[in-house]
Structures are given as C-alpha cells and as structure tokens.
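Worksheet: the structure to be examined is printed underneath.
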Amino acid sequence: MPEFVKQAPSREMQDLSAVENTVRDMLTRIRSEGDPAVFEYAAKLDGWSADTFRVSNDEIRKTSDRLPETFKEDFALCLNNVQDFAKRQRDSMSEFHEEMTPGVVLGQKLIPVGNAGCYIPGGKYPLISAAAMSVGTARVAGVEHVTGCAPPRPGGEGIFPHTLYALHAAGADEIYCIGGVQAMASMAFGRVGMRAADIITGPGNAYVAEAKRQLFGQVGIDLPAGPTEVCVLCDDSADPELVAIDLLGQAEHGPDSPAWAVTTSRAHAEQILSEVERQLKTLPTAEMAERSWRDFGEIVVADSPEEACVIVDKYAPEHLEIQTRDDDWYLDRLKNYGSAFVGQEATVAYGDKGVGTNHTLPTGGAARYTGGLWVGKFIKTVTWQRLTRDASHELAGPLGRMCEAEGMLAHAITCKVREERYRGGNRPKEVV
C-alpha cells in the first residue's frame, strides 16, 4: 500500500455553476448582440476603451523595435524548435489509398482547417511561449488563416510587448487585443472584425476554460485546460534538491497547481519534503508556490517500482518527470501522462518554453484519454472510397440486408438499385 509523507487536504468537488452561468450569459449576448456586447465586456472586465481591438501593423513594428535583440533571438530559437518538432509530427502522418478487396479502393486525406483562433493568456504571467505552441504549430499544419488574441495589460494598456512580438513572429495573420470569454466568443462567432474560427486554442482561467467547453461543437478546441500539474517519479538515486525545485517550479503557476512526488524510498521522501520547505524560504515566488504546495502538494512512497507506476498512472499528470536508476524501465511501462521529461537533465521548464514539444497538455486526469496539442489537431483526417461496378454489385446484397436489419429501408433501396443496375450492365426497370 502507498504511504503519504505529505497528502493534500481532502476537498469537495468545486461548484462551478456560477462560472457556467456567467459564461453562458456572456456567450448568448455576444452571439445575439454582436460587437456592442464585446465592447461592453471588454470595457467592464479589461478596462479597454479603444475603438478597435485589432493591433495595427505600425504598432507591431514599433513594439518590435523597442524589444532587445536578445529576446528576439531567444524566441526565434524556441519557435524554431517547436516548429521543427511539429514538422516531424506532420511527416509522420500520411495520405494513402489502397485496394482493400477487388474493386474497392479506400483512402485517407489530410486537410488543414481553414481558420484557427489562438489565445495567449495574460493573468499572473504573460505566457509568451504559447504563441510558438499554437500559432507556430498551426502554421506548420498549413492552416490558411490564423488569428491571434491576447488580453490588454492591467489598466487597459495594450498587449504585453513580448507577447505581441511573439504572436507576430510566430505567423499570426491578424492580432487582436482582447481577453477572456469575449476573446473566445469573438473568435468562434467572428466578431469585431475577426474571421470565424474553425478551431480555437489556448489556456486561460476558469472562465476561459468554461467558454471553450461551451463553444465546443460550434468550433473545435485543442483540449480542456485546468491548473497545471507536475509529478516527479523518482527513487533514492535522485537528487532531492532537484526534485524539490522542479515541484516548486510548477507550483508557482498558481494557488491551485498540484505538484506530486512519487518515490520508492521513505527516507528519500522525507529528504524531498525537507528540501521543499528549505527552498520555500528563499524562492522568489514563494507566496504563490507555498500556497499551492500546502493545499495541493503530495509526496507518496510506493512499495515497489510496479506500484509507483500504478500511482503515477492514477494521477495521469500533465507533466511527468522521471528521475531514477532505470528511467527507460518506467518510460516503457507508464501510460497516462501529457509529456514525459526523462532523466534529471530534463525539466518541465524546457518543455514549457521551447525545447520543441508542445506545452499545451491534458490536465485533471484527461491524460487517461488524450494527448496534448500537436500539429494533427489542426488537420482533419478524412476518408474516401471508390468502387468498380462489379465491386458495388458484390457488396450491395450483404450491406443492403444490414440496412434492412436496422430498419433503414431507404438505405436498403440505395443498395438494391446498385445491385440491379450493375448486374451484367443492366439498368433496373423500376425502383420500388
């Protein structure tokens, strides 16, 4: 049985009905009233009073000129890494067609979505790198038009300069200074001058996440995104100092960001706990990280490597770090995680900012059934079929009878017509 050296307090499921109702009302108004509702919400929630949301090319140029070249070079490196990996993913996908049985050719095509809307949150931290992950990946996928959105800074100022530059450098065709639910709704419905998107992407607060959930179906979404998570799977060969700082590195995201450690050694677990407490005394973002660690942090001791895998797969963490004597043994067996960081040389921060893999990943246990954002999310995998007359005649009987078994008699007639029409080249005299 696993033993907790530190366990998060038991919590009842959060009541999100107020968030759901607020978002539903906002989406309804923006859908029915259009631009005036968007301007009203932007003024009320973001202090935005300008007469347009779209950022001009002149403003983009001036912002770019003010930023240090070092930042531009760093972002170029991150963008290049992300796009190179996305290209490899794209190359792993393929179109094909095959004659499956005589006269029956089935095929697969890959078609990029036409319009993508990519949201970059502000909040506590402006997630600059998210532009590479979403806009940059959409470009590799071949999306025809990409709209970028980011909220204004507090006080109604424009987009955080580094974020604005990143959106432009990553390839956004248009950039809008707009945040929150009103941004997601505007991208989905095509408000304030935007093209209506086929898919919307991007993390955000609880209201943004709920807006994506309610908009799904009218548009595609990348995936639901809740508070970020990290799980460090380790044994007593791992450096407790590194384990502790990697836990706190994610805990600083916000007061509800879970950080878990799973180890096979009780003594090692106690060392990790001591290190976390020691580092919190000097951590620059200790106010946020300490609250998250207090309420959501856990350290678990597993009886065996096999039990450690069971525990980790139950967590299904967004980010999984593996720091053990035999990292590959664990990597081969683990099934539920968003992205794995193998060995002490890898840290979640690398994936978050631009080592190449995408940082938009499943949270809240969603890694049980989905991976994260990738180039294929912007590409539709569609199928097609073509039959000879002989093959159509051959299939018409059994497939028509399947239609009849389901009670779908009009379906059955479409098969019967072909069975008679393609029998020896004769056309049926009458369709009954």
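Just so it is clear, none of the values below were taken in a lab; they were calculated from the coordinates. None of the values given here were measured: they were computed from a predicted structure. Here the Cβ positions follow ideal geometry from the backbone for every residue, glycine too, while neighbour counts run over all protein chains shown.
Quick notes on this one:
- Relative to the longest principal axis of the Cα atoms of the chain, the long axis of helix 409-421 makes an angle of roughly 50 degrees.
- Semi-axes of the equivalent ellipsoid for the chain, Cα gyration tensor, largest first, Å: 44, 32, 21
- Restraint check, LYS72/LYS124; LYS212/LYS380; LYS314/LYS353; LYS72/LYS281; LYS314/LYS377, Cα-Cα greater than 30 Å: LYS72/LYS281
- Placing unit charges on the Cβ atoms of the charged side chains and taking the dipole of the chain about its Cα centre, the candidate lying farthest along the positive direction among SER64, LEU127, TYR422 is TYR422.
- Per DSSP, loop trypsin sites (Lys or Arg not before Pro) in segment 4-110 with at most 13 further Cβ within 10 Å: ARG11
- Dipole in debye (nearest 20) - segment 318-432, about Cα centre, beta carbon charges: Lys, Arg +1; Asp, Glu -1: 860
- Projecting the Cα positions of PHE75, MET194, LEU334 onto the charge dipole of the chain (unit charges on Cβ atoms of Lys, Arg, Asp and Glu, taken about the Cα centre) puts MET194 furthest along the positive direction.
- Helix axis angle, 57-66 relative to the chain longest principal axis, alpha carbon, degrees: 30
- Volume per residue that the Cα convex hull of segment 227-371 spans, once the total is divided by residue count, Å³: 96
- Relative to the current alpha-carbon distance between ALA410 and ASP84, full extension at 0.36 nm per residue lengthens the span by 112.4 nm.
- Dipole-positive endmost among GLY204, ALA396, LEU373 within the chain (Cβ charges, Cα centre): ALA396
- Given +1 at the Cβ of Lys and Arg, -1 at the Cβ of Asp and Glu and no other charges, the dipole of the chain around its Cα centre is 2040 debye to the nearest 20.
- Cα centroid separation, segment 288-305 to segment 332-379: 20 Å.
- 0 to 90° range, to nearest 10: angle between helix 389-405 axis and the chain longest Cα axis: 70
- Relative exposure of THR363, THR101, THR201, judged by other C-beta atoms within 10 Å (fewest first): THR101, THR363, THR201
- Label point 7 Å beyond Cα of VAL417 along Cβ direction - residues of segment 383-407 with amide nitrogen under 15 Å: 393, 396, 400
- Extension reserve of the GLU157-SER49 stretch, reckoned as 0.36 nm per residue once the Cα distance is removed: 37.9 nm
- Cα-based Kirkwood hydrodynamic radius, segment 1-103, one decimal, Å: 21.1
- For GLU59, GLU252, order by how many other beta-carbon atoms lie within 10 Å, fewest first: GLU59, GLU252
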